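Each remark here refers to the structure printed beneath this line.
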Ligand SMILES: [Zn+2]
């Protein structure tokens, strides 16, 4: 008898610990001891009290009673003592009631333990889809009905559905989730093939050209950075397959939470759009530069440049607007032309006079000093980057007038 008593004592102690930990299903407490009325501004506006409340206090009382009864029995540990054992009929019936409670607690905790992995998975799955998704709506209904059934079972009432039925329902919900998530994953991420396309787009010659052109101050760089951000924001998942969702509701590779992107366009469609936007960006910027370089002030600036210096601009203007090849050195001259080029005319006679000033012949160093001083005076107050020098013969200039 003592062996049985000891085994029962161990069982009760284990169940007491289980009750203290507080059983949870779907991230919600199974016992409703701590449910309180929600008050707002002093007025009771609602109650989150569940449909079927289940408190652990009566269960704990049952376990304590049964434990006390077992401990009293364990004192009769010899045949002699056993002869003096007398238990009243009321004690027996109380012990019988408490024993039933112990069995119920054990069955409840076993059921919770059995359903827990699936409900934890489904709670995580719920977080991945927006709350108005049809699956989420169904899941919320299943969760509420499940908690009602489990609490009813805990109270000793007849549950409407048996454990295998509940388990089956959760399994079905999980399978449906895997289908939904897989579809969302396919829609919102780039697979290996699409990711290769993204990779090619990031190395596209058109993008290199647009980047080069972006150094010309006239153009709106935000268009380019917006394009690059959109390309970077695309989620890539090259190796996804349904089986990855067996143990966890979120793709372990890309950690996609579809709820956060529910209004996003399909990833491959965004990629198509970006391809088209790159065409538009290149031709738009080329067109804007063509117009700007055609303005009177820019034409004057270009005319003030030497033929070789202005060569990249001439080449650029000959190209079509979809040409991804930007002539070498174009952005520097184009920037200068658009900023406005000033011409400083140097008269040959004045230059000759300046070089001869102080007497000739002279040393190389002296000759260089006189030339440097002359240039400094001529260019005084002008920006070397936007200034070009002209050499003119006064006699010829006068004759031309
Ligand atoms: Zn993924």
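Being farther than 26 Å from residue 21 by Cα and assigned to a helix (DSSP H, G or I) is true of residue 90. Residues being closer than 25 Å to residue 204 by Cα, away from the ligand (no atom under 16 Å from the Cβ), out of contact with any helix residue (DSSP H, G or I) (no Cβ under 8 Å at 6 or more places or on another chain) and outside any helix (DSSP H, G or I) are represented in region 313-325 by at least one member.
For region 245-279, filtering for residues that are under 23 Å from residue 324 (Cα atoms) and within 16 Å of the ligand (Cβ to nearest atom) leaves 0. Candidates 173, 234: the one that is over 28 Å from residue 123 (Cβ atoms), more than 12 Å from the ligand (Cβ to nearest atom) and buried (at least 16 other Cβ atoms within 10 Å of the Cβ) is 234. Could you check region 8-29 and list, in sequence order, the residues that are in a loop (DSSP other than H, G, I, E, B) and either exposed (fewer than 14 other Cβ atoms within 10 Å of the Cβ) or modelled with pLDDT under 90 (or both)? Once the filter is applied, which keeps residues that are in a loop (DSSP other than H, G, I, E, B) and either exposed (fewer than 14 other Cβ atoms within 10 Å of the Cβ) or modelled with pLDDT under 90 (or both), region 8-29 yields 22, 23, 27. Residues in region 338-354 that are at pLDDT 90 or above and crowded, with 16+ Cβ neighbours inside 10 Å: 351, 354.
Of all residues in region 73-85, none are at pLDDT 85 or above and surrounded by 18 or more Cβ atoms within 10 Å (Cβ to Cβ). For residue 145, the requirement of being surrounded by 15 or more Cβ atoms within 10 Å (Cβ to Cβ), over 22 Å from the mean Cα position of the chain (by Cα), farther than 14 Å from residue 50 by Cβ and not assigned by TED's automatic domain parsing to the domain that holds residue 56 is not met. When the test is whether a residue is away from the ligand (no atom under 16 Å from the Cβ), modelled with pLDDT under 90 and outside any helix (DSSP H, G or I), residue 160 passes it. Each residue in region 187-217 was checked for being out of contact with any helix residue (DSSP H, G or I) (no Cβ under 9 Å at 6 or more places or on another chain) and within 16 Å of the ligand (Cβ to nearest atom), and 3 of them qualify. Cβ-Cβ contacts under 7 Å between residues 6 or more apart (or on different chains), taken from a first residue in region 230-243 that is within 26 Å of residue 174 (Cβ to Cβ) and in the same structural domain as residue 199 (by TED's automatic domain parsing) to a second residue that is more than 8 Å from the ligand (Cβ to nearest atom) and in a helix (DSSP H, G or I), are listed as 235/188; 235/267; 238/192; 238/195; 242/178; 242/182.
Residue 318 meets the conditions (1) surrounded by 12 or more Cβ atoms within 10 Å (Cβ to Cβ); (2) in the same structural domain as residue 208 (by TED's automatic domain parsing) in every case but one. The failed one is (1).
The values are calculated or read from the model by the stated rules, or taken from the named source; none is laboratory data. All values derive from a computational prediction rather than experimental measurement. Here the Cβ is made from the backbone with ideal geometry for all residues, glycine too, and neighbour counts use every protein chain on show.
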